[in-house]
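Engineer: Before I ask anything, let me first share the structure, which is written out below as structure tokens.
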Amino acid sequence: MNEEPSTNYDEGTQLMLSNILSHPAYKNSSYKWSLDDFELGTRLGRGKFGRVYFAREKRSGWVVALKTLLKKEIVKGHVERQILREIEIQSNLKHPNILKLHVWFHDDHRIYLALEFAGKGEVYKQLTTIGRFSEQRTAKYIYQVADALDYCHRKKVIHRDLKPENLLLSINDDIKLGDFGWSVHAPSLSRKTMCGTLDYLPPEIVEGKQYGKYVDNWCLGILCYEFLVGHPPFESKTTEETYARITNIEISFPMHISPGGVDLISKLLLKSSVNRITLPGVMKHPWIINNYKDKK
């Protein structure tokens, strides 16, 4: 919480922001945050390594999603690097469609991440409830994810684990890209590590080849397909079948997807990574332009 907010707010909000700026953390960069700074509310979710709570910073009333991670579970699961990577990368990214990490701290037993609160929750839950999204809603989300990923790539960050479960929605229905545990901050942007989610793996990772930032472009194509259809394009009964379909680009498009949607997905799901449509190209694609009218 170390960015000075804008002053164009109503009186109530201005008072809250004034309280934030009067917090010792703003006057002393070595201020040590602790759980005592927060009031915990409803549990928002739970995972293998801890839980997420709705919380308020006591002095300001600032609302956050407080992610609590058990150190012993982190060590047991051998995910220390992933947690540190998530903290390191997310602390340095500032974009309207990337979930903001306000502050983090730890005690003897837990690590705490005070994250931006996304009022509408996971995209995955909405997709599961509805079945599939409209072309207009999909175009908006894909534009915003592409914008966030393009920003990441300019910062030399590859996300590597794009999927509906790692996307949240603000109260205004805007995308918030989160979960940077698999991300890499690599100046070379070239890796050879197996990572990500099976249905979203690109051919270069399945085949054990070196890969770069264009893995995220592939995943964006899978995401677009899943939004429009309700499941990933290469989903199969076995891992071997899924791998085979990915490497052979065995994809079929339901009749309800418009030619423009098919064109965009096809340009993202190319075996040759460097030939995949660029992220700025995605944002300027006619299908996006025609279906997402409110982009800024």
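Engineer: When Arg276, Arg51 are ordered from fewest to most other Cβ atoms inside 10 Å of their Cβ, what list results?
Structural biologist: Arranged by neighbour count, lowest to highest, Arg276, Arg51 become Arg51, Arg276.
Engineer: In whole Hz, with x marking every Gly and Pro, tabulate ³J(HN,Hα) for the stretch 165-171 from phi via Karplus 6.51 cos²θ - 1.76 cosθ + 1.60, θ = phi - 60°.
Structural biologist: 5, 9, 10, 10, 10, 6, 5
Engineer: Hey, another quick one. Distance between the C-alpha centers of the stretch 195-243 and the stretch 68-111? Whole Å please.
Structural biologist: Computed from Cα coordinates, the inter-centre distance equals 25 Å.
Engineer: Another question, then. Given bins 10 angstrom wide, list per bin the percent of all Cα-Cα distances in the stretch 122-180, short to long.
Structural biologist: 22, 56, 21, 2
Engineer: If you don't mind, there's one more thing I want to ask. Please give the length that would be gained between Asp108 and His78 if that part of the chain were fully extended, namely 0.36 nm times their separation in residues minus their C-alpha to C-alpha distance (nm, one decimal).
Structural biologist: Full extension from Asp108 to His78 adds 9.0 nm.
Engineer: Once you have a ≥ b ≥ c as the square roots of the Cα gyration tensor eigenvalues for the stretch 93-135, tell me rounded if a/c is under 1.5, and otherwise prolate or oblate according to whether a/b is larger than b/c.
Structural biologist: Since a/c reaches 1.5 but b/c is at least a/b, the shape of the stretch 93-135 is classed as oblate.
Engineer: Using 0.36 nm per residue, how much length does the chain from Arg51 to Ser258 gain when fully extended, once their Cα-Cα distance is taken away?
Structural biologist: That works out to 70.5 nm of additional length.
Engineer: Enter the per residue convex hull volume of the stretch 31-116, computed from alpha-carbon coordinates, in Å³ rounded to the nearest integer.
Structural biologist: Looking at the stretch 31-116, the number lands at 105 Å³ per residue.
Engineer: Still on this structure: Which three extents, in whole angstrom, do the alpha-carbon atoms of the stretch 122-292 cover along their principal axes, largest first?
Structural biologist: 36, 35, 28
Engineer: Provide Thr247, Thr129 in ascending order of the number of other Cβ atoms located within 10 Å of each residue's Cβ, fewest first.
Structural biologist: Thr129, Thr247
Engineer: Roughly speaking, what is the stretch gain from Leu40 to Lys155, that is 0.36 nm per residue apart minus the C-alpha to C-alpha distance, in nm to one decimal?
Structural biologist: Stretched out fully, the Leu40 to Lys155 stretch lengthens by 38.0 nm.
Engineer: Hey, which lysines would be in cross-link range of Lys213, C-alpha to C-alpha under 23 Å, not counting anything within fewer than 8 residues on its own chain?
Structural biologist: Cross-link targets: Lys94, Lys100, Lys140, Lys155, Lys156, Lys163, Lys176, Lys192, Lys267, Lys271, Lys284.
Just so you know, all these numbers are worked out from the coordinates, no wet-lab data involved. Since we're looking at a predicted model, the values are computed, not measured. With ideal geometry, Cβ positions are generated from the backbone for all residues, glycine too; neighbour counts draw on all protein chains shown.
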